[in-house]
Amino acid sequence: MSEIVPTYSLPADRNPASMYLSSLSPGSLPAMEGALHKIAVLLGSTGAFSCNWAALRFRHVQAIQTKLLETYDYKTVNKMMCAVRGALKAAWLDGQMTAEDYHKARSVKSISGEKLPPGRSLSPGEIKALIDVCKADNSPAGIRDAAIISVMYAAGLRRSEVVDLNLDDYSIEEGQVTIRGSKSRTDRTSYILNGGSRAINAWLQIRGLEPGPMFYPITKTGEIQRRRMSSQAIFNMLRKRADQAEIPSFSPHDIRRTHISDMLETGADVLTVAKMVGHKSPQTTMLYDRRGEQAKIKAANMLHVPY
């Protein structure tokens, strides 16, 4: 795309990109900063912080959207355009563009469509197989991994939230766990009961009750390293246990999808589930629901193919 907006320089406290990004939670920041950088390059600038966002007008924003659609799917484009609107709003609030120019520029509509939902739901048998292979491993890592999988499934946690858990966030008596929201900056509570609480308690007998991260890294020799795990370590552990359980590959987020689908299947109302998993909107929660696929399979099995 030819240069639309000239490059310029402003201090951070008046730079629209900086002002917008500073308002985001740590979980959203990397994606939105990356989106602004890619769009700034399209505009002929060297990066997000040197692009003159205040000079954007309706035709520019429309051209950005059209160009992005050549590379990305419509959902990704819509997310990237949210970053543009954020920078425009910051420029307007700082008096760098008129209200009329701002509202016209941000009026470019999001792209509508429908895609198959990403990821998959794990069956009860697959969840059991994962925990069983952990229980068969009598090392500290096996007991820890069973607890991690149990917590992720019982409370629908993101892997970043598992990593951020501290012992003080969990009430042994009540089974209540406080999750520090990495994306929304909003804390929430959930409950880990029955088998989930037994899995955690088994891990705590090895870990001990000293303050600190709930889960520690463990070396191949079984040595517990009393520091916080990384999100990548959670990913690697789940891949290892999936291979051992001989189940199809899945992402860590698929356990969260499974939690939501299974909660809804038990009859929990969507508002309660949304609060438990930290979604601001029940519509977001419904995007995770995989029960419809099971209904499709059941219907397809009713059709006889005479082969």
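The values are calculated or read from the model by the stated rules, or taken from the named source; none is laboratory data. Because the structure is a prediction, the values reported are computed rather than measured. As a convention, Cβ positions derive from the backbone with ideal geometry for all residues, glycine included, and neighbour counts pool all protein chains shown.
Counting only helices (runs of 4 or more DSSP H) that sit completely within the stretch 186-278, those holding 1 or more residues that are closer than 14 Å to Ala146 by Cβ, of a type in the set (S, T, N, Q) and in contact with a helix residue (DSSP H, G or I) (Cβ under 7 Å, 6 or more places away or on another chain) correspond to 231-245.
Determine if the stretch 76-91 includes at least one residue that is of a type in the set (Ser, Thr, Tyr) and surrounded by fewer than 14 Cβ atoms within 10 Å (Cβ to Cβ). No: the stretch 76-91 contains no residue that is of a type in the set (Ser, Thr, Tyr) and surrounded by fewer than 14 Cβ atoms within 10 Å (Cβ to Cβ). Thr219 fulfils the conditions (1) modelled with pLDDT of 85 or more; (2) surrounded by 13 or more Cβ atoms within 10 Å (Cβ to Cβ); (3) of a type in the set (Val, Ile, Thr) except for a single criterion, (2).
Taking the stated definitions as given, is Leu69 of a type in the set (A, V, I, L, M), touching a residue at least 12 places away in the same chain (Cβ under 8 Å) and surrounded by fewer than 19 Cβ atoms within 10 Å (Cβ to Cβ)? Yes; evaluated as a whole, the condition is true for this residue. The condition (being at pLDDT 95 or above and either out of contact with any helix residue (DSSP H, G or I) (no Cβ under 7 Å at 6 or more places or on another chain) or surrounded by 14 or more Cβ atoms within 10 Å (Cβ to Cβ) (or both)) is satisfied by just one residue among Gly142, Gly119, Gly156: Gly142.
Within this structure, Ala40 fails the test of being at negative phi, touching an Asp or Glu at 6+ places or on another chain (Cβ under 9 Å) and either part of a loop (DSSP other than H, G, I, E, B) or in the same structural domain as Leu93 (by TED's automatic domain parsing) (or both). With respect to being modelled with pLDDT under 85 and out of contact with any helix residue (DSSP H, G or I) (no Cβ under 7 Å at 6 or more places or on another chain), Tyr307 fits the description. Restricted to the stretch 106-148, and to residues that are under 30 Å from Ile64 (Cβ atoms) and among the hydroxyl-bearing types (Ser, Thr, Tyr), which residue is farthest from the chain's Cα centre (by Cα)? Ranking the candidates gives Ser107 first.
Go through the stretch 68-92 and count every residue that is among the basic types (Lys, Arg) and either over 15 Å from Ala35 (Cα atoms) or touching a helix residue (DSSP H, G or I) at 6+ places or on another chain (Cβ under 6 Å) (or both). So the count comes out to 1.
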